[in-house]
1. Calculate how many DSSP beta bridges within the chain are antiparallel, expressed in % of all such bridges and rounded to the nearest 5.
2. If you filter region 232-270 for GluC sites (Glu not before Pro), then keep DSSP loop positions with at most 13 other Cβ within 10 Å, what is left?
3. Relative contact order for region 242-387: what is it in percent, counting Cα pairs under 8 Å that are at least 6 residues apart?
4. So how tilted is helix 272-304 from the main axis of the chain? Cα-based, degrees 0 to 90, rounded to 10.
5. From Cα pairs below 8 angstrom and at least 6 apart in sequence, can you work out the relative contact order of the chain, rounded to a whole percent?
6. Compute the long axis of helix 354-385 from its Cα atoms, compare it with the longest principal axis of the Cα atoms of the chain, and write down the angle in degrees, 0 to 90, nearest 10.
7. Please arrange His173, His90 by how many other C-beta atoms lie within 10 Å of their C-beta, fewest to most.
8. Using a cut-off of 12 Å between beta-carbons, work out the net charge of the residues near Thr81 (Lys and Arg +1, Asp and Glu -1, Thr81 not included).
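Derivation of every value follows stated rules applied to the coordinates shown; laboratory data play no part. Computed from a prediction, not measured in an experiment: that's the story for all the values here. As a convention, Cβ positions derive from the backbone with ideal geometry for all residues, glycine included, and neighbour counts pool all protein chains shown.
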Amino acid sequence: MKKQMMDTENRPVMPGFASLSRLGADTLLVRLAGSWRMERSLPGAKDVLDRAGDLSGIRRAVFDSSEIVSWDSSLATFLATFFQECERRHIRAEPEGLPPGVQRLLQLAAAFGRRMDAKRPEPGGSFFALAGERSIDLSRSFLDLLEFIGSATLSLARLVRGRARFRLTELVHVLQQSGPNALPIIFLISALVGVILAFVGAVQLKMFEAQIYVANVVGIAMAREMGPMMTAIIMMGRTGAAFAAHLGTMETNEEIDAFRTWGIDPMEFLVLPRMVALVMMMPLLTVYADLIGILGGALVGVGMFDLSLPQYLDQTRAALTLTQFGIGLSKSIVFAMIIAISGCFYGMRCGRSASAVGEATTRSVVAGIVFIVVADGVFAVITNALWI
């Protein structure tokens, strides 16, 4: 926004200029006059100082702006450059003689410059300093995540007691987006995974004339590992990223702050419906993925390895137990919580810019997939210890 002082007389106005003169032994007086507007030809700060000649004894610069007729942001630009040149020449520029509006603009410019310098990493920092900064950032992020998980747990507790406040239409919308709308992509990926498992298993088993057991390989692998794992990864990249982008956009537009201002808890109003919807839909999607994967394996076993469909289905039914499906469903519930927490956490911790929304979405997907794999490893260790 330009701030201007209107000309008081209808007469031609001289373009803005600056003149320098000594005021004492170590003081430089800068007289500013004329009209400092963008459409006029204005002097450069470095040229003005260079024309002043030898400034070796000058330690401070003061301003006289009484003869300025009008000005806009071009005057602030000139002065900002002039201050930088004075600092480079070890001259202290004192802005007290400038118009009040110009002084405020210079203060804003200086404050923005300090923030940019604070964000800019110092070059040549030691390895230990860099490692310390990364450790501090990691510890803060971990504490923020623990706080978020605690708030989400309290929201779930209020839901169990019937005291949580959220819109039912929001829950239905998220159920639709994370459930039926995800069936096509899960169908495609699960069928391909079943086909791949059948090929890998059958090629090895055929060496021992035991290709009938390809049904065991596909069934157990889909029910225990690949079904819940692939469903979780698909939902993390699809639904978790959507959660992060949606909440990140709301954070950028200050909508979440508006909820807090009106006394509405964002954890209940925004996060809770997404958590509940994923916990409800993930087990169903996992069972669907298991069945599609088993049918994909049957397509390979029956079509390429001389197995009949009744043989394949009977062998699958004999190999699978409720325990196998129970392990997969337990994983799916944990994975659902990870997806919801990861997407909502990074979305609500998003910055206030468009690029920050993209960064939050990327971080949520990467972190979510990492935690899903870690959780699956923990399940593998526990089931092995329990001989399940």
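1. Values: 6 of 18 bridges.
Taking every DSSP beta bridge with both residues in the chain, the antiparallel ones total about 35 percent.
2. Within region 232-270, the qualifying GluC sites (Glu not before Pro) (loop, at most 13 other Cβ atoms within 10 Å) are Glu254.
3. Once normalised by length, the contact order is 43 percent.
4. Tilt relative to the chain: about 50 degrees.
5. That works out to 16 percent.
6. So the inclination is approximately 30 degrees.
7. On the way: His173 13, His90 10.
With the sparsest Cβ surroundings first, the list reads His90, His173.
8. In short, -1.
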